[in-house]
Amino acid sequence: MGRLLILGLILLLTLPLVAGNSAGLPIFFADSYMLRARGVEANYWNPALLNRMGELWLPALNTGISFNNNALDLKYYNHIMDNKEITESDKEELLNRMGGRLRFNAKVESSIVGFCMGDAALSSSLHLFGKAKLSQRYLDLLLYGNEEEHYEFSKKDTNVESLGYIDLTVGMGDIRLPLPESIPDIRFGWSGSLLFGVEELDTAHYSGIFTSNYDGLSLKQDVTLRASAGGLGFKGMIGLASEPIQNLHAGITLDNILGGIRWGLMRESLHYSISAENVYILDLDDDDNDLFEVDEWEEQADPFTTKLPMEMRMGLLYRLKLVDFSIDYVQGFGDSVVTSKVGRVSFGSEFSPLYTLPIYFGFSPGNSDGPYQVAFGLGLRTRVIALGLGVQSFGSLFPSSKSKGIATALSLRIKY
Amino acid sequence: MKRLVMMLILIAGLLVSCNISKPVLPEWDVTLNIPLISRSFFVSDLVDSVNIITDDNDILTITGSGSMESPPFGLVRLSTNISTNNIPLVSGINADIALPLFDSAGETDVSYGEIATGVLKTMFADIAPEVTLIELSIEEFRFPNGESFSISYHGESGWQEHSLASLRIGTIDSGVIVDSLHLSVRIFSSLPDKVPVGNMSLGITEPICFRVFQGHLRERTVWLDEESTFIDIEYPFGIEDAIRLQEASLKIYITNELGFHCTFHGSFLAENSRTGEKLSMPILDENDNPYTINPGTLAGPSFTELIFEDNISRLFQIMPDNISLQDANFTLCCGTEEEVGSVRETDKISLRYQADAPFIFELTESTIAPEKPMELNLSDEQRDLIRTYANDAHLGLMIKNKIPLGFTANLYFGDTDTIDHEDSSTYLIHKSLLLRSNKWVEENPTHPDLTQDGYQLFNLSLSRAEMELFSNADLHLLWTFNFDNSGIITVTASPADYIHIKSMMRLNVRIKEDMWDDF
């Protein structure tokens, strides 16, 4: 147990070293958490669940870190490093794993402060998100060489983006909708977040062409990265929750309503361009640098808004005496660094043979955005303090060398 | 509870027991398709405006030009031997004496001359003391101002020499041969008339040399250099063994400063130093007579153009690498007695020549091959790179041949310098490609070896085993060419006559950690 705690603390200490990501306790359940959120957390998951619960968040003690990719794992890395060779089957396997592109995701979310009183909550937390994609065609080139005449790269398959902001969120819930008695109670809640943009980096433009044939070697690569800092924004969230059948809870939320951050303080566009046309090796010599045109320049970007696409989440939770089960489905209405148009299902369960020592499980099947996730967590719970530590594995049942990513979380809530 | 704790410890153990191998750059094989070259080789690039030019019809032409000249003609000698002794002198009587003037060798008649050297000797003997002055003048000798040449006796004894230098003889452009000297002697004395007063002797016994001469010159020959190389020919790509030139012409422009008709004598000698063949052609006109060169005048030289075609063409049949002019000389024609010639000591005969051999030729079955294989000097580093990283190589070629020549190129690689393309045991790798002529391409536009835009496709591959040779310190290459025998070929050098080569190298290399340092 002590080792687990030490491990958790070590992971937390590495938090500042990891680029952006997501949640604390929700990681224990692979994000099947919409109907489990209580207290301050309900501000972010379903404000309808804010109800007569006093809770306090302390800085950094509700933190989740997650980073993963869709293709690489430690075992595969060790296999290559130990063999010191990439065989043809290794190449094939690696490209199969990528499924068209290599994706990296990272997310960090950490509490700054939060408390709730009655049916309202006020909270603030830090959010860092990062995504990167690299087209499989680049790895094709690297592993097989330029076997084909023409390679084309676009922003769709190759880009990098990150977003960091701090929210100040107020929410109110447990508002019962006036419905006929024959209809189970449905509670409504809302939250609004004032967003203080910390940084934003996105790939405004990316295009690349590489051809190599009898007409020579031609290359054109244009990249425009847009970086900004100091923004202000807003997002809203509404949620409904109900218990239509005893022990079965259902809920739905709509997040990122009017979501966006307007960047105005620091904005820069970095342009990088390299091009060459019909180059032949025998034309090259030390004095012929002008065969390749390289250009790099920066310019002030116009103020712009990073939109946060709306995201809908639906969930069911069934509670028994010692155990509960939940299922969540989240669907974004646009692709962004924080949302995905690819829907994701997640399952969660809490097993509490002892009230003070709950055990958490989570599972989310993989989709085209990433591998499946399996989460485990352990809590220590009293009537005043709830402490939890959890870990999540991507692409592997347990966190191991086969994992394509890992997430860990610490949760500490003080009730009053 | 214990089970639960054990399970958590197991999970944590899995986490902390992950072994991370030390990162190294693994090795793997990649295929690199590298565009090597895209270049047009124009026939006109062969034109250097010195040895290879194009004619008015854009036909590529081997040319050679230059100039030759004779030495300056020098002084014209008149070898006369005038000697008259003891001519009696009588007071009161002016003696007029005529002495014949002729060249003792019978080669020279002078009608006008500017004397460079010549000496007149006189001696007056037994002169009476009453004689105060004796004047001797020679009508034909005049000073440049026109005054007659005369000498005076003032009592000197013995033979006296009088220089004739700078005197003129005869009348310029008169055409009248001076065949005698007319002497006039006047005696001044106090003695009565008809009294003998003494004797006079005179002589011109040394040749009179003229720097300017008009008259007749017989049996005079003006030589050019003993043997002059006209043309040194370097055939492009050493194709002289594989072709027979069909046409050639030689133009000679002769500038004659001598005021005499001449006849041009000599012969052309063509030599092929590779085969040892020699062929000589006398310089004669269509009637087998020597060419006659017109005379110049004192006002200026004459110009004569001689054009040789058939003879020269025959000479080029042996594909000579040099053509020389043998025993070239000009024989002065004396002409008729009414016609006199003229010459100055600085006059000479010069000629400019231009030989043109258009690239109109017939291909032979010969194989063009250098005498020895060339040594390919790959550095140790390059050999190491090939040995370490190269698995196999493939060279793709696209060639558009817009010239009327097709050929088969053979490359023989070996590890000795004794490669013989006819002995397969002397080389290790043999690669061959057949390049079709433009005519063939136009006649077979749908042939599978052709692209739509007329490029011919070639593939040359080197296996791993063959590439081992390139890591050898001793690497030699012998290349040979065999032309298609397709009749008479005319090679033009217009912008549409070129060979365009595009090349791609396909390399299978092994990526290794140290290769970046090596490269």
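Read-outs throughout are calculated quantities, based only on the coordinates presented, and are distinct from any laboratory measurement. All values reported here derive from a predicted model rather than from experimental measurement. No Cβ is skipped: glycine too gets one built from the backbone with ideal geometry, and neighbour counts run over all protein chains shown.
In terms of packing, defined here as the mean over residues of other Cβ atoms within 10 angstrom, the peptides A:389-397, A:57-65, A:271-279, A:358-366 line up highest first as A:389-397, A:57-65, A:358-366, A:271-279. Using every pair of separate Cα atoms, the Kirkwood estimate puts the hydrodynamic radius of the protein assembly as shown at 39.5 angstrom. Since only A:111, A:188, A:306 are under comparison, the one whose Cα sits farthest along the positive direction of the charge dipole of the range A:2-415, derived from C-beta charges on Lys, Arg, Asp and Glu, is A:188.
Which residues' amide hydrogens lie under 5 Å from the amide hydrogen of residue B:472, considering only partners 5 or more residues apart or on another chain, with H built in the peptide plane? Residues meeting the criterion, in which the H sits 1.01 Å from N, do not exist here. Distances between every pair of Cα atoms in the range A:272-416, grouped in 5 Å steps from 0 to the bin holding the largest one, split as 2, 8, 11, 12, 13, 11, 8, 7, 7, 6, 5, 4, 3, 2, 2, 1 percent.
Both radii were evaluated on the Cα set of the range A:325-396; the Rg over Rh quotient, with Rh as the Kirkwood radius, amounts to 1.08. Shape index of chain B: Rg/Rh, with Rg the Cα radius of gyration and Rh the Kirkwood radius from the inverse mean 1/r over Cα pairs, equals 1.38. Taking 30 Å as the cut-off for C-alpha to C-alpha distance, list the pairs among A:307/A:402; A:133/A:415; A:131/A:220; A:156/B:22 that go past it. Where the Cα-Cα span goes over 30 Å, the pairs concerned are A:307/A:402; A:133/A:415; A:156/B:22.
Note: relative contact order over chain B, using C-alpha pairs below 8 Å and six or more positions apart, is 21 percent. Taking each residue as 0.36 nm, the span from residue B:219 to residue B:186 lengthens on full extension beyond its C-alpha to C-alpha distance by 7.8 nm. Per the Debye calculation on the range B:80-206 with a single equal scatterer at every Cα and no solvent contribution, log₁₀ I(q)/I(0) for q = 0.09, 0.13, 0.15, 0.16 Å⁻¹ amounts to -0.27, -0.55, -0.71, -0.79. Considering every alpha-carbon pair of the range A:212-355, the percent of pairs per 10 Å bin, from zero through the bin containing the longest distance, is 10, 21, 19, 17, 15, 10, 6, 3, 0. For the range B:61-127, the fraction of alpha-carbon pairs lying more than 18 Å apart is 62 percent, rounded to a whole number.
The spacing between the range A:204-282 and the range B:371-448, judged by their C-alpha centroids, is 52 Å. Contact order, relative form, for the range A:2-415: 19 percent (alpha carbon pairs under 8 Å, 6 or more residues apart, mean separation divided by residue count). The 3J(HN,Hα) values that the Karplus relation (6.51, -1.76, 1.60; θ = phi - 60°) gives for the range B:457-464 are, in residue order, 9, 9, 9, 10, 10, 10, 6, 4 Hz. Gly and Pro appear as x. When chain A is described by a simple charge dipole with +1 on each Lys and Arg Cβ and -1 on each Asp and Glu Cβ, the residue from A:225, A:129, A:100 located farthest towards its positive end is A:129. Amide H contacts for residue A:249 (H built 1.01 Å from N in the peptide plane; partners 5 or more residues away or on another chain; cut-off under 5 Å): A:317, A:318, A:319. Using +1 at the Cβ of each Lys and Arg and -1 at the Cβ of each Asp and Glu in the range B:28-77, identify which of B:37, B:75, B:64 lies farthest towards the dipole's positive end. Ranked along the dipole, the leading option is B:75.
Rounded to the nearest 20 debye, what is the charge dipole size of the range A:2-415 about its Cα centre when +1 sits on each Lys and Arg Cβ and -1 on each Asp and Glu Cβ?
I would put it at about 3340 debye.
Can you pull the Rg over Rh of the range A:68-174, Cα-only, Kirkwood?
Using only Cα positions, Rg/Rh for the range A:68-174 is 1.23.
Note on the range B:244-395: along the principal axes its Cα atoms extend 93, 34, 24 Å, ordered by decreasing extent.
Using only side-chain charges placed at the Cβ, +1 for Lys and Arg and -1 for Asp and Glu, the dipole size of the range A:279-405 relative to its Cα centre rounds to 2560 debye. Overall, the ratio between the Cα radius of gyration of chain A and 2.2 N^0.38 Å, rounded to two decimals, is 1.11. Net charge dipole, chain B: roughly 2140 debye, given to the nearest 20, about the Cα centre with Cβ charges of +1 for Lys and Arg and -1 for Asp and Glu. Other residues with beta-carbon under 10 Å from the beta-carbon of residue A:102 carry, at +1 per Lys or Arg and -1 per Asp or Glu, a net charge of +3. When both the range B:81-141 and the range A:147-194 are represented by their alpha-carbon centers, they are found 141 Å apart.
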